[in-house]
Amino acid sequence: MTERDIILNELAQGLRPMSQGIEWFDTHDPQEQSEVLLFLRHHCMQARAVTEDGPESIRRAGLRPTHTPAVLITRGPMDRQLGKIADLAPVDERRKAFRLLVAVLAVADERRRERFCSDGCGHWWHRLPVAGG
């Protein structure tokens, strides 16, 4: 587990405010931001994100349905759309993509917890304390 793993999972679980997540994301150069977005995409797929997660993820991310990442997430196979979202280049779109991918991870991981981890599990990220606590 890396600091990046911890921060992203804290954000997805609501243990760290998104404002801190955006500040953290903004400290990275464009190449590192791309890596973070690709990493998030991978985690979303591992958490078994599905197309139906799109509307709730958009809502949680605080995006308008017309924002580019929000439009993409509702149009086609999840893996392909998450890849397009992770590849967005403009800084403003990257921040929206970051917020949306964190929200997708949150929605998918909540479902995974309910279905597969409700009686306990060995996932380290399901045992994180509140950030700073």
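List of remarks:
- Lone unmet requirement of (1) surrounded by 13 or more Cβ atoms within 10 Å (Cβ to Cβ); (2) out of contact with any Ser or Thr (no Cβ under 9 Å at 6 or more places or on another chain) for Asp87: (2)
- Region 41-58, residues that are in a helix (DSSP H, G or I), in contact (Cβ under 8 Å) with a residue 12 or more places away in the chain and not β-branched (Val, Ile, Thr): Arg41, His43, Cys44, Met45, Asp53, Gly54, Pro55, Glu56, Ser57
- The residues listed here are Val50, Val71; of these, the one that is within 20 Å of Arg113 (Cα to Cα), among the β-branched types (Val, Ile, Thr) and open to solvent by 30 Å² or more (accessible area, probe 1.4 Å) is Val50.
- Inclusion of Arg95 among residues that are out of contact with any Leu (no Cβ under 7 Å at 6 or more places or on another chain) and either within 26 Å of Arg115 (Cβ to Cβ) or not in a helix (DSSP H, G or I) (or both) is not warranted.
- Residue, farthest from Ala49 (Cα to Cα), within region 59-82, restricted to residues that are modelled with pLDDT of 95 or more and among the small types (Gly, Ala, Ser): Gly62
- Exactly one residue out of Arg112, Arg95 is surrounded by 13 or more Cβ atoms within 10 Å (Cβ to Cβ), modelled with pLDDT of 95 or more and basic (Lys, Arg): that is Arg95.
- Options Leu38, Leu63: the member that is hydrophobic (A, V, I, L, M, F, W, C), surrounded by fewer than 21 Cβ atoms within 10 Å (Cβ to Cβ), assigned to a helix (DSSP H, G or I) and out of contact with any Phe, Trp or Tyr (no Cβ under 9 Å at 6 or more places or on another chain): Leu38
The values are calculated or read from the model by the stated rules, or taken from the named source; none is laboratory data. For clarity, every value in this text was computed on a predicted model and none was experimentally measured. Note: ideal-geometry Cβ built from the backbone for every residue, glycine included; neighbour counts use all protein chains shown. Calculation scope for accessible area: heavy atoms of the full protein, side chains included, ligands and nucleic acids excluded. Shrake-Rupley method; radii C 1.70, N 1.55, O 1.52, S 1.80 Å.
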